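Heads up, the thing below is written out as structure tokens.
What follows draws every value from the coordinates through simple rules; no lab data is involved. Keep in mind the model is a prediction, meaning the values are calculated, not measured.
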Amino acid sequence: MAKKITCKCCGTVKVVNKTSGFIGVDFYKSGTINKWRTRATDNSGKTHHLGYYKTEHEASIVYDEFVTNNKLINRPLNHPQDV
């Protein structure tokens with residue numbers, strides 16, 4: 001099901017298909033891997049694989065750290081109160 005995400009800081013809206021309740025996180029099931037996967041796109045459009053995690057919450061924190069550490073503007077965070 002498609003979901004609209006509105007950035008609280010700039011108001012941009014992104015429509016995504018998600019398998020989790022977090023931005024940049026989806027469930028990856030292939031062979032013996034059954035974990036939450038985190039990916040993010042940088043300002044140049046390159047997608048970065050950030051790893052596999054046991055919980056979707058843990059994966060969402062890694063996504064937020066990547067966005068914050070790389071100063072990616074206009075990107076909504078999963079946990080903006082923690083920044």
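A few remarks follow.
- Backbone amide hydrogens, once placed in the peptide plane, bring HIS48 within less than 5 Å of ALA40, THR41, ASP42, excluding anything fewer than 5 places away on its chain.
- Once the chain from ILE33 to CYS10 is taken as fully extended at 0.36 nm per residue, the excess over their C-alpha distance is 4.6 nm.
- Taking a straight line from the alpha carbon of LYS8, these lysines sit under 20 Å away, with near neighbours fewer than eight places off in the same chain left out: LYS18, LYS71.
- Extension gain from LEU72 to THR41, taking 0.36 nm per residue of separation minus the Cα-Cα distance: 10.3 nm
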